[in-house]
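Computed from the coordinates by the stated procedures, all read-outs in this text should not be read as laboratory data. Remember, it's a predicted structure, so these values are computed and weren't measured experimentally. Every residue, glycine among them, receives a Cβ derived from its backbone with ideal geometry; neighbour counts consider all protein chains shown.
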Amino acid sequence: MHRREVAAVLAYIGRLDPRAIRTGTNEVRDQLVQWHELLGDVPLATEHGWDVREAVRAHVLDSPYPILPVDVARKWRAYRRDRLDRHTDPTPDADPDDSVSWRAELLRTRHAVAAGRREPSTHRQISSGAPLPDIESRLAAIGTCMPPTIRAELAPYRPARAAREAAVAAGQPDALSVPCQWCHAAQGEPCRNRRVGLDGRPRGNAPRATPHPTRVDLAAAERAREETA
């Protein structure tokens, strides 16, 4: 802030908290010099959320002590740290082989974010932007987001899902679309081998690769009912 801006901030503080008002000429000059020394690099306001007047007002409301210039400077530093903590460097437009230009663009972006002239960049902007131009054509050719070769390689590690997909591909009803009346597995969950010991306590609850026959029959009956409805 310039000296005129610091003087305006001091006048604003005096309206909110008369304890900060200085009446003597030397006191006013010393106060202005002190505040300008500590807040010379602090902007009066930015486009993205920082305003010295808001920081002053919050201090007057929250603290019983008169505000000091260091209080404003600390709030400004906290504002900068928060923005940089939420910022992830976007890929610069400069040539990656030109390390000097690449680094200079990264620093300019960080300084703009810290100074409140630019919003922080989200983590690699995962959800922003349009999809790649060839995504639609690739999905149309493959028919699914996961290529069949990858699905086949993952089958040994998820046998229940592999059995479900094989049954659907063969035209059989999806057994997991209904709950199991035998092991009480919920809809969408695989069946389990529930074993009970002689004392009546459960001894096993391992998931099954294939659903119970009664669940398959129930899914077939539900499918037939939907087709005839």
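If the condition is being among the small types (Gly, Ala, Ser) and closer than 19 Å to Gln31 by Cβ, then segment 64-92 contributes only Ala73. Looking at this structure, is Arg22 among the basic types (Lys, Arg), surrounded by fewer than 16 Cβ atoms within 10 Å (Cβ to Cβ) and assigned to a loop (DSSP other than H, G, I, E, B)? Taking the combined requirement at face value, the residue satisfies it. Taken over segment 187-201, the criterion of being surrounded by 10 or more Cβ atoms within 10 Å (Cβ to Cβ) and either part of a loop (DSSP other than H, G, I, E, B) or not basic (Lys, Arg) (or both) is satisfied by Gly188, Glu189, Pro190, Cys191, Asn193, Val196. Looking only at residues that are hydroxyl-bearing (Ser, Thr, Tyr) and more than 30 Å from Arg53 (Cβ to Cβ) in segment 69-106, which one is surrounded by the most Cβ atoms within 10 Å (Cβ to Cβ)? Taking the candidates together, the pick is Ser101.
Would it be correct to say that Pro179 is over 17 Å from Pro159 (Cβ atoms), free of Cβ contacts under 8 Å to residues at least 60 places away in the same chain, surrounded by 11 or more Cβ atoms within 10 Å (Cβ to Cβ) and not small (Gly, Ala, Ser)? Yes. Residues that are within 41 Å of the chain's Cα centre (by Cα), within 22 Å of Pro159 (Cβ to Cβ) and in contact (Cβ under 8 Å) with a residue 24 or more places away in the chain are absent from segment 192-204. Among the residues of segment 1-19, those that are of a type outside the set (A, V, I, L, M, F, W, C) and in a helix (DSSP H, G or I) comprise Arg3, Arg4, Glu5, Tyr12, Gly14, Arg15, Pro18, Arg19.
Inside segment 33-63, residues that are among the small types (Gly, Ala, Ser), within 23 Å of Arg22 (Cβ to Cβ) and within 33 Å of the chain's Cα centre (by Cα) make up a count of 3.
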